[in-house]
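Please treat every number below as a calculation from the coordinates, not as lab data. Here the structure is a predicted model, which is why all the values come from computation and not from measurement. In this analysis, Cβ positions are derived from the backbone assuming ideal geometry, glycine residues included, and neighbour counts consider all displayed protein chains.
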Amino acid sequence: MHNAFAVPFGMSALQSTRKIWRNGEFIPWEDATVHVLSHVISCASAVWEGIRCYNTPLGPAIFRADRHMRRLVDSARIYRMELPWTATQLVEIARELVRVNDVSPCYIRPIVLRGYGSLGVYGGENPIDVYMACWPWGAYLGEDALARGVDVCVSSWNRMAPNTLPALAKCSANYMNSQLIRTEAMINGYHEGVALNVDGTVSEGSAENLFVVRDGRILTPPLAASPLEGITRETVIQLARDAGIEVAETEIPREMLYVADELFFTGTAAEISPIRSVDRIPIGSGKRGPITEMLQAEFLAIAAGERPDRYGWLTAVGVLEHAL
Ligand code: PMP
């Protein structure tokens, strides 16, 4: 039977690990459940992070752990959720989580949610529950994406407007907007969609920030165009400037995507993924461009501890059990 929702390439299933941290203790993976009438289920009242832990010659290390936990704390503050843990404590919990599960490389997911108690929209009387899980997770946009690039379309869905859901908060509710963008792209045979802001300029992918390379300069949409304030975005801006490349945060009209020399996505999951076509128009040579390749190499080498960590972006996890 024809399945209208079939996608052109497979997605990998979640791979469980041993323990999930919840409100101060480690519990078995399968016990980390929430009641169906928890506030978060009806209202998407949760904020979360996605963080990668890489293998380095000195053992596993979490990339930009402090920055991610700071964003989690900020997301909770925007929604007036009282988070009983500081960013510093959350970094320590993340390190312990990776050690307890003895898994690296991995992806770390802290979640702060409004729990069970009342179902009024306000939600403030519900408990705040904090979870943190980790599991192995490979290339987000497919195995080939990093070298060969991805095909994208401009989405018919806009990124949510700035005065609707605040884009600086990494809130579960935002991901319904992302889901519309990604799903439309995938059922039409693209890897990913690019959303325009409500003013018609480029915002970002469903889970990635977007960069344009044109005439040796790099452009990326400003935060006022409603992208998430991506940590890989910030990292890449720094690396590009260090390499002497001019970077501007500026409005990008849709058609500039078609005439770019290079385009790429950035994100914790997607890392730095070249974009090889937009709406079936090849970008540049249709292959990964030289500036994308240089930034990718620099980024991955720093994350893997192969080049000096000159900004202190890596937090060592400590020794894993299997290494003892
Ligand atoms: N935009 C959205 C909507 C995202 O979900 C993500 C992934 N967190 C990004 C951009 C990239 O952000 P980061 O580099 O911090 O992972």
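Taking 0.36 nm per residue of separation and subtracting the Cα-Cα distance, what length does fully extending GLU125 through TRP29 add? Each step should come with its number before you reach the end.
Details: separation 96, 0.36 × 96 = 34.56 nm, distance 2.72 nm.
Full extension of this stretch gives 31.8 nm more.
About the Cα centre of the range 81-218, what is the dipole size in debye to 20, counting +1 per Lys and Arg Cβ and -1 per Asp and Glu Cβ, all else neutral?
The calculation lands at about 120 debye.
Defining a contact as two alpha carbons under 8 Å apart and six or more residues distant in sequence, what relative contact order in percent does the range 18-135 show?
Working: 199 pairs, mean separation 42.4, N = 118.
Result for the range 18-135 is 36 percent.
Treat every Asp and Glu Cβ in the range 145-303 as -1 and every Lys and Arg Cβ as +1, leave all other atoms uncharged, and give the resulting dipole magnitude about the Cα centre to the nearest 20 debye.
300 debye
Report, largest value first, the span of the C-alpha coordinates of the range 1-144 along each principal axis, in whole Å.
Extents along the principal axes: 51, 45, 28 Å.
How large is Rg/Rh for the chain, to two decimals, with Cα atoms and a Kirkwood Rh?
My calculation of the ratio gives 0.96.
Distance from a point 7 Å along Cα→Cβ of THR86 to each backbone N in the range 49-65: keep the residues under 18 Å and list them by number.
Counting only backbone N, you get 65.
From the residues MET132, TYR122, ALA65, which one has its Cα farthest along the dipole of the range 65-161 in the positive direction, the dipole being from +1 and -1 charges on Cβ of Lys/Arg and Asp/Glu about the Cα centre?
Final value for the positive-end residue is TYR122.
Could you give the size of the charge dipole of the chain about its Cα centre, using +1 on the Cβ of each K and R and -1 on the Cβ of each D and E, expressed in debye and rounded to the nearest 20?
200 debye
Can you list residues whose amide H is under 5 Å from VAL202's amide H, if they're 5+ apart or on another chain and H is modeled 1.01 Å from N?
ASN197, ILE252, ARG254
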